Amino acid sequence: MSIGPRARGFFEVVQGYIERAAELTRLPSHIKDILAQPKNELIVNFPVRMDDGSLRVFKGYRIQHNNIMGPYKGGVRYHHQVSLDELKGLATQMTWKCALLGIPFGGAKGGIKFNPREHSVDELRRITRRFTHALGNNIGPAHDIPAPDVGTNAQTMVWMMDTYINTGSTYEKNDQRAVVTGKTINAGGSEGREQATGQGVVYCIKEWAREARLDLEGSTAIVQGFGNVGSNTALLLAKLGVSTIATGDHTGYLRNEEGFNAHKLQEYVRTHGSIEGYPRGEQITREEFFETKADLFIPAALENQVGASEAIKLDVRLIAEGANGPINPEGEAVLADRGIPVIPDILANSGGVTVSYYEWVQNRNSEHWDAEEVQRKLLHMMRRAYQRTMFYAAEKKVNPRVAAYALALESLATSYDERGIFP
């Protein structure tokens, strides 16, 4: 799959949204200056022994943007395009996402610049453990809490947790499980965490469909990216009667006018690592994917995938951003001119960090909630955030993205106003 347009750095794009929200909320200049850059930018270089006995040095990052609302929180990404600029933008988004949802976390993001598909399970385990050790006390249950992201999963988080517990000096070992979220259930993970981001996307789509008076039964969707978020969104939409008729990932794109079996395609991707070779779909180009007519489009791959040229091709009624920053400002301007609504990333895909918060609370309190309780709490949080964002957008006559950023900014500004600046 060819990547989308990359006219501007992702951090610059995020800063542009913040500028617009700051003008709308009349944010004091000193608070804007504080939020303009991360508090901490950590870069670590560490050696790992490969299976053939050779040593390779890896570069890892942890960006801690802001913690005025609570401990830093954000995923760990394993990808060959990981960069400081990208992670600064993603960490900043996490600050806004938590503030919008009212979750007592700040924003962070981390990653290692390499392609995990080129390494064995043993090598991935050693890379993860050395990275965790290199981060040291820069992470912790009450300081900075990593989670899965692109290229990482529940097993990665379990390795991080185990390394942190076994290299720390604290005697409260069980409490240290909360150092990461997105773990397996057996290692202290939460029910519903794996599908939480996709579940949040679907909750937002259901709210929009109710307001738009669209019956989701019999509707169609196209999904870019069929990893954790894309596949679980497609699976949950299928239960509502929505057919995914086109999808794609880094290996290419497929279309099936009758609709893919989301469960079988998800299992295929888990086994083979991509959609490549899946027999129940017609191979199409990236351009043909964006030209596919559907009711819903869920971009759930990497950031900056939809520019002006892609936005012109889209023939959909709604876009719900499963990925972070999949639409660049030029693409968004075209979509606005065409009247295609967008549920922004910091709202649509916030189900993941919400259930991560629930997992953290369960770990800290030595509790385990059943799936029904997690889903009930998540639905309440997503519905409240959606309604607040759309009401604000209508009241201020701005698009939902600016409204979401403005609401988050107001919450952050209130915290700074109440607490002041130390000393």
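The values are calculated or read from the model by the stated rules, or taken from the named source; none is laboratory data. It should be emphasised that the depicted structure is a prediction, and the values quoted were computed from it without experimental measurement. As a convention, Cβ positions derive from the backbone with ideal geometry for all residues, glycine included, and neighbour counts pool all protein chains shown.
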>> Looking only at the range 276-304, filter to residues that are modelled with pLDDT under 95 and closer than 14 Å to residue 332 by Cβ; which one of those is farthest from the chain's Cα centre (by Cα)?
In response: 304
>> Consider the range 328-342. How many of its residues are in contact with a Lys or Arg (Cβ under 9 Å, 6 or more places away or on another chain), not charged (D, E, K, R) and not in a loop (DSSP other than H, G, I, E, B)?
In response: 2
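Rundown of residues vs (1) in contact (Cβ under 8 Å) with a residue 40 or more places away in the chain; (2) at positive phi; (3) in contact with a Phe, Trp or Tyr (Cβ under 8 Å, 6 or more places away or on another chain), yes/no style:
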| site | (1), (2), (3) |
| --- | --- |
| 59 | yes, no, no |
| 104 | yes, no, yes |
| 143 | yes, no, yes |
| 165 | no, no, no |
> Taking residue 323, is it within 24 Å of residue 212 (Cβ to Cβ) and assigned to a loop (DSSP other than H, G, I, E, B)?
Replying inline: yes
> Which ranges mark the strands (runs of 3 or more DSSP E) fully within the range 225-304 that have 3 or more residues being over 26 Å from residue 210 (Cβ atoms)?
Replying inline: 252-255, 282-284
> Out of (1) at pLDDT below 95; (2) surrounded by fewer than 24 Cβ atoms within 10 Å (Cβ to Cβ), what's the single condition that is false for residue 228?
Replying inline: (2)
> Out of the residues in the range 124-177 that are assigned to a loop (DSSP other than H, G, I, E, B) and in contact with an Asp or Glu (Cβ under 9 Å, 6 or more places away or on another chain), which is surrounded by the most Cβ atoms within 10 Å (Cβ to Cβ)?
Replying inline: 141
>> Just checking: which of the strands (runs of 3 or more DSSP E) contained wholly in the range 11-101 hold 2 or more residues that are within 17 Å of residue 346 (Cβ to Cβ)?
In response: 55-66, 72-79
> Out of 276, 287, 257, which single residue is surrounded by fewer than 17 Cβ atoms within 10 Å (Cβ to Cβ), over 25 Å from residue 118 (Cα atoms) and touching a strand residue (DSSP E or B) at 6+ places or on another chain (Cβ under 7 Å)?
Replying inline: 257
> Restricting to the range 271-313, what's the tally of residues that are without any contact (Cβ under 8 Å) to a residue 24 or more places away in the chain and either closer than 14 Å to residue 226 by Cβ or touching a Lys or Arg at 6+ places or on another chain (Cβ under 7 Å) (or both)?
Replying inline: 3
